[in-house]
Amino acid sequence: EHCTEIWKSIPEFSGYRISNFGRVMSFRAIGCRARNKNVSEGRLLKGKLNCDGYIRVSLCKNGKPYGFFVHELVLITFVEPRPNGKECCHENDVKTDNRVSNLRWGTRIDNRADADRNGISKRGEDHKKAKLTEDKIRRIRMLSRSMSQYAIGRMFEVAQTTVSRIVRGEDWKHVH
């Protein structure tokens, strides 16, 4: 772990630098359309939290703005471009901790394993998109012995395929 902040130029975006702590600095004139390109003193970009809690910044190139996640810029600049099929993993699952020492390229499965290890997995009814509860899952499995999956789906306002995945144990595996 570096205790010293190190700054590097962001590839393909002249006039911008990023630090190993995940801070982004612009050395461009304010605004994408600004004419004065001779800016010697940089300014720190604040970034904005998106709806999922990740920090995004806007960088300009040829007068056009491009949005980026700060964590991806850190990896692209300090590690390597994104390998095919990989996504950014935060080791500690703190979405705003964009230190290079906390980031790595990994798979979706790696990201899920991190969330499990760090105790922040949102499964079952804790997931923000869950339509069902654990009690309803148990009831669906019980009803599947005597009713069609289609009828159960209508009863619980889910698709027959959802009922099928629940009954086969592919979804809601943690509910016994």
Exercise. With springs only between Cα atoms under 10 Å, which of 84, 98, 111 fluctuates most in a Gaussian network model of the chain?
Worked result: 84
Exercise. In what order, largest first, do 132, 49 sit by accessible area if the probe radius is 1.4 Å?
Worked result: 49, 132
For this session: Compute, for residue 139, the solvent-accessible surface of its heavy atoms (probe 1.4 Å) with the complete set of protein chains present, and express it in square angstrom to the nearest 10.
Result: 120
Exercise. For the range 138-145, what does the Karplus curve 6.51 cos²θ - 1.76 cosθ + 1.60, with θ = phi - 60°, yield as ³J(HN,Hα) per residue in whole Hz, taken in order and with x for Gly and Pro?
Worked result: 4, 5, 4, 5, 5, 5, 5, 6
Exercise. Given that just one value was derived from the coordinates, which of (i) 0.95; (ii) 1.10; (iii) 1.46 is Cα Rg over 2.2 N^0.38 Å?
Worked result: (iii)
Problem set entry | Value of [θ]222 nm, deg cm²/dmol, for the chain, DSSP H segments ≥ 4, -39500 (n - 2.57) each, nearest 500 | -7000 deg cm²/dmol
For this session: Counting only C-alpha contacts under 8 Å and six or more residues apart, can you give the relative contact order of the chain as a whole percent?
Result: 13
Exercise. If you take the charge dipole of the range 81-176 about its Cα centre, with +1 on Lys and Arg Cβ and -1 on Asp and Glu Cβ, which of 130, 143, 100 is farthest toward its positive end?
Worked result: 143
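Pairs 8/64; 64/129; 95/136; 86/173; 48/136: which are spaced more than 29 Å apart, C-alpha to C-alpha?
64/129; 95/136; 48/136
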Exercise. Which whole number in µm²/s is D for the range 55-137 by Stokes-Einstein, with the Kirkwood Rh taken over Cα pairs at 25 °C and 0.890 mPa s?
Worked result: 167
Problem set entry | Dipole magnitude of the chain about its Cα centre (Cβ charges: Lys, Arg +1; Asp, Glu -1), debye to nearest 20 | 680
Seminar exercise, completed: So for R0 = 35 Å, FRET eff. of residue 115-residue 44 from the Cβ-Cβ r, to 0.05, ends up at 0.70
Exercise. Highest GNM mean-square fluctuation, the chain, Cα pairs closer than 10 Å: which of 63, 153, 15?
Worked result: 153
Exercise. Solvent-accessible area per residue for the chain at a 1.4 Å probe radius, Å²?
Worked result: 66
For this session: For the range 54-66, take each phi angle, set θ = phi - 60°, evaluate the Karplus expression 6.51 cos²θ - 1.76 cosθ + 1.60, and give the result in whole Hz per residue in order, putting x for glycine and proline.
Result: 8, 8, 10, 10, 10, 10, 10, 9, 6, x, 10, x, 10
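The values are calculated or read from the model by the stated rules, or taken from the named source; none is laboratory data. Computed from a predicted model, the values in this text were never measured in an experiment. Every residue, glycine among them, receives a Cβ derived from its backbone with ideal geometry; neighbour counts consider all protein chains shown. For accessibility, only protein heavy atoms count, side chains too; no ligands or nucleic acids. Shrake-Rupley method; radii C 1.70, N 1.55, O 1.52, S 1.80 Å.
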